[in-house]
Amino acid sequence: MAQAATNENLKLVQTFPIKGGDFASAGSVSIMVKKLLKGIGLPSQVLRRAAIAAFEAEMNVVMYGGEAGGEVRLYVSPTKIRVETQDHGPGIPNLELAMTEGWSTATHEMREMGFGAGMGLPNIKRNSDRLDIHTAIGGGTSVNVEIDICN
Ligand SMILES: Nc1ncnc2c1ncn2[C@@H]1O[C@H](COP(=O)(O)OP(=O)(O)O)[C@@H](O)[C@H]1O
Ligand SMILES: [Mg+2]
């Protein structure tokens, strides 16, 4: 009941498109998310956690989400932030494995750019109060994160 009541107050603030495979602009969405939340006047701890979760989810769409890319939707209520990231890529075959620290399918090129430590999904989990991931082979992936606003 309490969960449903707070969800009703969630308002979509903005939708940001993510370009697949575009490393030049990668990270720009999470910077915009952080700026926007800062403008609302949220506590720095909340900003930091939301920015980390948004960055890791955005990078995964750039790296693994396929050419079609995806989008980030940012929702805010008086009590929480919700960041929904969605792509139309190949999906994650084994989510449990993907959630394991250090596990990565990053290519040699991605690793040379400094990505592929396999810490993205574990970091998203660590920096969120609720995380749900929906993924299907050939059906894309959505990563939904909630961060409680506690002053
Ligand atoms: N959106 C996605 N679509 C398909 N596979 C993904 C997606 N996000 C993550 N993965 C898979 O999960 C693995 C672990 O992701 P992550 O913890 O962020 O580590 P990294 O990005 O360093 O590889 C990735 O290497 C990839 O195989
Ligand atoms: Mg990652």
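Averaged per residue, what accessible surface does the chain expose to a 1.4 Å probe, in Å²?
53 Å²
For the stretch 68-102 and the stretch 33-67, what is the separation of their C-alpha centers, rounded to whole Å?
11 Å
Averaging over every viewing direction, what projected area does the convex hull of the Cα atoms of the stretch 2-148 cover, in nm²?
8.5 nm²
Extension gain R48-Q14, at 0.36 nm per residue separation less the Cα-Cα distance, in nm?
Gain on stretching R48 to Q14: 10.4 nm.
Under 20 Å between alpha carbons: how many lysine pairs meet that in the chain, if sequence neighbours fewer than 8 apart on the same chain are excluded?
Qualifying lysine pairs in the chain: 11.
Taking the Cβ of A51 as the center, what net charge do the other residues with Cβ under 12 Å away carry, scoring Lys and Arg +1 and Asp and Glu -1?
Result for the neighbourhood of A51: +3.
Sum -39500 (n - 2.57) across every DSSP H segment of at least 4 residues in the chain, then divide by the residue count to get the 222 nm mean residue ellipticity, nearest 500.
On the way: 6 runs with 57 residues, N = 151.
After summing the helix terms and dividing by residue count, I get -11000 deg cm²/dmol.
Of all the stretches in the chain, which is the longest one without any exposed loop site, taking GluC sites (Glu not before Pro) in a DSSP loop (any state but H, G, I, E, B) with at most 14 other Cβ atoms within 10 Å? Before the final figure, lay out each step's value.
Working: sites that count: E67, E101.
With GluC sites (Glu not before Pro) excluded where exposed in loops, the chain gives 1-66 as its longest stretch.
What distance in nm separates the two pseudo spin-label positions at S77 and F23, each 7 Å out from Cα along the beta-carbon direction?
Here the answer is 4.0 nm between the modelled labels.
What's the ranking of 27-34, 131-138 by average number of surrounding C-beta atoms within 10 Å, highest first?
27-34, 131-138
Please report the antiparallel percentage of DSSP beta bridges with both residues in the chain, rounded to the nearest 5. Write down the numbers at each step before the final one.
On the way: 29 of 29 bridges.
Taking every DSSP beta bridge within the chain, about 100 percent pair in antiparallel fashion.
Can you tell me how much longer the chain between K125 and E101 gets when fully stretched, taken as 0.36 nm per residue apart minus their C-alpha distance, in nm with one decimal?
Numbers: separation 24, 0.36 × 24 = 8.64 nm, distance 1.10 nm.
Result: 7.5 nm gained on full extension.
The values are calculated or read from the model by the stated rules, or taken from the named source; none is laboratory data. No experiment lies behind these values; they were computed from the predicted model shown. Counting neighbours? That spans all protein chains shown, and the Cβs are built from the backbone with ideal geometry, glycine included. Note: accessible area is taken over every heavy atom of the protein model, side chains too, but ligands, DNA and RNA are not part of it. Shrake-Rupley method; radii C 1.70, N 1.55, O 1.52, S 1.80 Å.
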